[in-house]
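Scroll down for the structure; my scribbles are underneath it.
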Amino acid sequence: MDYQVKIEDREYIVTIDPSTHPPQIKVDGVPVETKFSTRSDNSEIQLLMDNRSYDIEVVKQKGRQNGDFSVFIYGREFSLYAEDERLAKIREVAGLGLGGDTRKELHAPMPGLVTKVLKSPGDQVSRGESLIIVEAMKMENELKSLIDGTIKEIKVKEGQSVDKNALMVLFE
Amino acid sequence: MNLPSPINLYLAGARGSCPTDTGFDTTMIKKILIANRGEIAVRVIRACREMGITNVAVFSDIDSVAKHVRMADEAYHIGPSPSSESYLVMEKIIEVAKKAGVDAIHPGYGFLSENARFAKMVMDNKLTWIGPPPEAIARMGDKLEARVTAVDSGAPVVPGFKSKIENVEQIIDEVHKVGFPILIKAAAGGGGKGMRIVNNEEELPKALKTAANEARSAFGDDRVYFEKYIPKPHHVEIQILADKFGNMVYLGERECSIQRRHQKVIEEAPSPIITPEIRKKMGEAALKIASACGYVNAGTVEFLVDDDLNFYFLEVNTRLQVEHPVTEMITGIDLVKEQIKIASGEKLSFKQDGIRIHGHAIECRIYAEDPAANFAPSTGTLRSYVEPHGVGVRVDSGVYEGAQIPIFYDPMISKMIGWGATREEAVARTRRALTEYRISGVCTTVNFHLAVMDNENFKKGKINTHFIEEQFPDNVFSSKEEDHVYKAAAVSACLYDFLENSKLKTRVSSDGGRESNWKIAGRRMGVSRTPEK
């Protein structure tokens, strides 16, 4: 089983061989020596990889697409995208790039009321620029662009209530 | 008197082992109601337990299984989840206090802690209020009056106009004397409401009007005043303790410059910029202001400090602060116990020259917020919650694994305080402790704190109130890890997916007899079907 993984600006191909027990693992074609044990639903993994020890929790990101994971190591939370061949196929058919192009979408980080839409389709925006203001928990929250890019579509209107993770802006 | 060494204070084992070190006379206060929730309620419960005082918690609907309720000796339901219908309902809290037969009420911070009317109501009901006199709360709660008090007591204030502004003509000479930019502020203010920066004379009339309008709608009080605007100040505050006999001490300062939305997120003590001479000057100024308003109990006098170490009075917080632990860690003084002792009429057991500052402490407030989305609040259930431990680490929290982070209250999950003999060690220890946190289920600010601990300017102590926007302009808070960490993250996500999928397959095949063949066929088709164009 081959997985393509994208984590921040890095990409890996992780191969897991199901025919051996425990499964043999390769990263970018190079075998790595691993020992692991898991707890409960496999989300807590104690991993020994080339004798380095990691205490890891893997969580599927709720409300996001398949393949989006949060991985907790050393107190840090990493957002990463991992897909097997089946997911890759679906993605290719949909004509999307690796990583599910999650950064080409802006989702609502919390439920709230859209009080202002600051940009329109076709606008060029840079990373950190405010796009939409959502009022939640009596606070105004500026939702900023995570990328430099051009807005393709804005899916919400001023005065509209949005659920958590609702798709708000699509980039080209 | 012999102060407990800070080393003993933070080593958990030493804490409870000396119940007589306070010499506390429990004939005065035997039972305390804590009119709060979350970590601060837990903090007060711990102090009570060490002093042999029975503690009573109160809770709203959603907090019925909250940590403070689980830890308390007794707990009473006080209403629905919104704080306006529970934690803020004064009559209800007094009613519970009487029913439970408590002697005193500790308000924590937030909620009713700075409500003079509530303090008075507590006292009118013959209960002891663990906090300053209502008159002092009222006087310091009004920013204009607080400023007048500070000026009268000789404390430096930011140059400006100290009474209500009626019109532009009235202040224009003063404005020119002070020089632009100026800051217009609301007398009843807070949270940035009614605040306007004015860069030149043309902007002034409009800014005065909008500030007054905003103040009226936010506080029902349109009085505004102005101050010189200090562009990149440090926020430094002095902790004070005062007993009922006029004895007062200051316990050094806390640097609270790292803020988002004008709210503190990282605090440390001592400040990396304050010298012993300035500390003494600020401490003495703080005590003068406190005496001028008849202050009793624990309080904090906040100052703005510019790069040349000029300091200006800002305001007085008439309560225990969120960041009080950093002071406890470097002085060895338990502020909550001192509050209770003062309220019960004891004299302070130490004098100014008995207070020693030992080492350095840093507090990280872990919020359920998404730093990448401009610190937007995040709510939900804590899927996992693992706290750091080890030498020099203190965690004050009001949650546990599986607990809810409700939308009704402040989204702070936990406070982590790292102590070190030097600032350098404190930073390294805080970073180490942060790596031991594991909190999933909600977004948290742990990544943000790690990125700050790795920031070169932070390490050098170069911080001011604009630190976050200057150092992290694009809201990306990723501390760089070594290659192998990314690789391990990649492998673990794939392993998880692989193991979960094989579990599914095993399950399908092992209970094939009970599973509908249609379902199995459908699932297979779902996997192998090629999409039609």
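Data table
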quantity: Subset of the range A:116-138 [in a loop (DSSP other than H, G, I, E, B), among the polar types (S, T, N, Q) and within 11 Å of chain B (Cβ to nearest Cβ)]; calculated: A:Ser126
quantity: The range B:441-474: number of residues that are in a loop (DSSP other than H, G, I, E, B), at the interface with chain A (Cβ under 9 Å from one of its Cβ atoms) and crowded, with 24+ Cβ neighbours inside 10 Å; calculated: 2
quantity: Unique match (being of a type in the set (Lys, Arg) and outside any helix (DSSP H, G or I)) among B:Lys177, B:Lys164; calculated: B:Lys164
quantity: Which numbered condition A:Val93 misses (of (1) open to solvent by 50 Å² or more (accessible area, probe 1.4 Å); (2) among the hydrophobic types (A, V, I, L, M, F, W, C); (3) modelled with pLDDT of 90 or more); calculated: (3)
quantity: Pick from the range B:366-386, criterion assigned to a strand (DSSP E or B) and among the aromatic types (Phe, Trp, Tyr), ranking: surrounded by the most Cβ atoms within 10 Å (Cβ to Cβ); calculated: B:Tyr367
quantity: Residue within the range A:150-170 that is open to solvent by less than 30 Å² (accessible area, probe 1.4 Å), modelled with pLDDT of 90 or more, outside the structural domain of A:Asp68 (by TED's automatic domain parsing) and not in a strand (DSSP E or B) present; calculated: yes
quantity: Flag for A:Leu143 being more than 14 Å from every other protein chain (Cβ to nearest Cβ), modelled with pLDDT of 80 or more and not in a loop (DSSP other than H, G, I, E, B); calculated: no
quantity: Residue satisfying all of: in the range B:399-440; part of a loop (DSSP other than H, G, I, E, B) and open to solvent by 40 Å² or more (accessible area, probe 1.4 Å); farthest from B:Lys264 (Cα to Cα) among these; calculated: B:Gly402
quantity: Residue match in the range B:352-361 (condition: buried (at least 21 other Cβ atoms within 10 Å of the Cβ) and touching a residue at least 24 places away in the same chain (Cβ under 8 Å)); calculated: yes
quantity: Residue check for B:Val322: crowded, with 19+ Cβ neighbours inside 10 Å and touching a helix residue (DSSP H, G or I) at 6+ places or on another chain (Cβ under 8 Å); calculated: yes
quantity: Verdict on B:Ser257 being crowded, with 19+ Cβ neighbours inside 10 Å and part of a loop (DSSP other than H, G, I, E, B); calculated: no
quantity: Selection status of B:Gly154, open to solvent by 40 Å² or more (accessible area, probe 1.4 Å) and not in a helix (DSSP H, G or I); calculated: yes
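Each row is one residue, and each column tells you yes or no for (1) at the interface with chain B (Cβ under 10 Å from one of its Cβ atoms); (2) crowded, with 18+ Cβ neighbours inside 10 Å; (3) in contact (Cβ under 8 Å) with a residue 40 or more places away in the chain; (4) out of contact with any Asp or Glu (no Cβ under 9 Å at 6 or more places or on another chain).
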residue	(1), (2), (3), (4)
A:Val27	yes, yes, no, yes
A:Lys35	no, no, no, yes
A:Ile45	yes, yes, no, no
A:Asp55	yes, no, no, no
A:Lys60	yes, no, no, no
A:Ile73	yes, yes, no, no
A:Arg76	yes, yes, no, no
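Matching residues to (1) of a type in the set (Lys, Arg); (2) not in a loop (DSSP other than H, G, I, E, B); (3) not assigned by TED's automatic domain parsing to the domain that holds B:Ala451:
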| site | (1), (2), (3) |
| --- | --- |
| B:Lys337 | yes, yes, yes |
| B:Lys347 | yes, no, yes |
| B:Arg356 | yes, no, yes |
| B:Ala361 | no, yes, yes |
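The values are calculated or read from the model by the stated rules, or taken from the named source; none is laboratory data. Because the structure is a prediction, the values reported are computed rather than measured. All Cβ positions, even for glycine, are placed from backbone atoms using ideal geometry, and neighbour counts span all protein chains on display. Ligands, DNA and RNA are stripped out before the accessible areas are found, and what is left, the full protein with its side chains, is counted by its heavy atoms. Shrake-Rupley method; radii C 1.70, N 1.55, O 1.52, S 1.80 Å.
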